[in-house]
Amino acid sequence: MKKEFLNLGRQPIANRFLNKDEFDNEFFFDLKATFDEETKLVSLSEFVAPEMMFNENYAYHASMSETMKNHFKDLAENLQKEFKPVNVLEIGSNDGIFIRHFDPDTTVAVEPCTNFSDMTNDMEYKTYPNFWTTKLSNTVRQEHGTMDLIYAANCICHIHDLDDTFTAVARTLSDDGIFIFEDPSLLRMMERGSYDQLYDEHAHIFSVIALKNILNRNGLEIFRVDNLNVHGGSNRIYAKLKGNHYQGIEPSVEDNILEEKSFGLEKFEAYEAFANRVEKSKNDLVSMLKTLKQDGKKIIAYGAASKVTTVFNYCGIDDSLVEYITDTTPSKIGKYQPGTHIPIVSPDDGFDESVDVAYLGAWNFRAEIMNKELNYLRRGGKFITHVPQVMMFS
Ligand code: JHZ
């Protein structure tokens, strides 16, 4: 049975940045999170149609951060060294940040956002402009054979029907092929109070416990888990076909499951406690912003991340508190944040001497941004975050 534990209110499509003439017809849905007592999976109670989120206008551009460029380069090199895959498939290849490190002759990609599938097709990587399904997996197998490595970053948690996804993967792997995917960790979200990991795209937030259950019933088995710092704390899951006896199960799998159990991720009470923490976070953030505003400070936000859509819409923050949001992504600049309609501007135009306080929307890139904005900090500029609790820092 699925039990609801968190209600983040009416929310728009997190990555659908708007022009002014689109304000009146904006789509909203109820953003609520549920816990499935049988599989232990945390999911949204209402899924948004995939075509509404992932289409030719998809705004999230993975290569906008140096941290992520290095992350995927290092991973590609390590995988080549350790597993020596020949046939490689990436599900959700975005702008090619990962596949660019593999041979186009033996690498295939799947990417339903056609602005990005066009880009990687132009880079000579055969990219199917479709959603990953068992139906598409039949075509991929017929045209390219089975795969030694199937990889997906920040994509599997977007897919509503996990059984179909994992069945499609199991059918497409070679006998000793491996399936590696990474997504935000439920444990880190709960520990850090980062409720903004929940938005339309994140249909599920995974624990290793839940993944073990769901992969298992689809013929797959986890053999390693890496804990990653990126995107606010993610897990990289390594899985193989159940019949693949070449690869042993490593201690990291049980270690992660034990850590999750000791936090209480199997029990509903942990989720109720999280919901109380989220409400406190909202009250603390709004009251800090209001006090700063009353003191005459100019407040902006830094990074129009999807996560900020959740925070600002849930907390009722609009341009009377936060004047604008700066972001480096060309397709976001000049548009307006979903729901709140706060303007998005380039940092070159908006991150200037007049700013006193910046809410750090891209809090997951805190180290990269602190490094880049030393001048702002030196002249007394302050940042605000809500992770792990609402605070100001410099
Ligand atoms: P960032 C997206 O989430 C959506 P978002 C998706 N669902 C997902 O799971 C994760 O990515 C992986 C900007 N920025 O990466 C760029 C600056 O302006 O946290 C981005 O718009 N200056 C696929 O959207 C935003 O901040 C900078 O110096 O929450 C960060 O978004 C840096 C470093 C970033 O992902």
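Couple of notes before you dig in:
- Checked against (1) within 24 Å of Asn55 (Cα to Cα); (2) in contact with a Phe, Trp or Tyr (Cβ under 8 Å, 6 or more places away or on another chain); (3) open to solvent by 60 Å² or more (accessible area, probe 1.4 Å), Ser394 meets all criteria but (1).
- Within the range 241-283, considering residues that are acidic (Asp, Glu) and part of a helix (DSSP H, G or I), the one least open to solvent (accessible area, probe 1.4 Å): Glu260
- Filtering the range 199-208 to residues that are within 16 Å of the ligand (Cβ to nearest atom) and either farther than 28 Å from Met52 by Cβ or in a strand (DSSP E or B) (or both) leaves His204, Ile205, Phe206.
- Of residues in the range 371-383 being free of Cβ contacts under 8 Å to residues at least 12 places away in the same chain, under 28 Å from the mean Cα position of the chain (by Cα) and more than 8 Å from the ligand (Cβ to nearest atom), the one least open to solvent (accessible area, probe 1.4 Å): Leu374
- Selected residue (criterion: most open to solvent (accessible area, probe 1.4 Å)) from residues of the range 353-368 that are more than 10 Å from the ligand (Cβ to nearest atom), under 21 Å from Thr385 (Cβ atoms) and not hydroxyl-bearing (Ser, Thr, Tyr): Asp356
- Those residues of the range 335-352 which are farther than 17 Å from Tyr60 by Cβ and more than 12 Å from the ligand (Cβ to nearest atom), in sequence order: Thr340, His341, Ile342, Pro343, Asp349, Asp352
- Test: residue in the range 320-335 that is touching a Gly at 6+ places or on another chain (Cβ under 8 Å) and either without any contact (Cβ under 8 Å) to a residue 12 or more places away in the chain or assigned to a strand (DSSP E or B) (or both): yes
- Where a residue in the range 53-70 is free of Cβ contacts under 8 Å to residues at least 24 places away in the same chain and its partner, wherever it lies, is within 10 Å of the ligand (Cβ to nearest atom), with Cβ under 7 Å and at least six apart: none
The values are calculated or read from the model by the stated rules, or taken from the named source; none is laboratory data. Computed from a prediction, not measured in an experiment: that's the story for all the values here. Positions of Cβ are generated from backbone atoms using ideal geometry, with glycine treated the same way; all protein chains shown enter the neighbour counts. Just the protein is used for accessible areas: all its heavy atoms, side chains included, with ligands, DNA and RNA removed. Shrake-Rupley method; radii C 1.70, N 1.55, O 1.52, S 1.80 Å.
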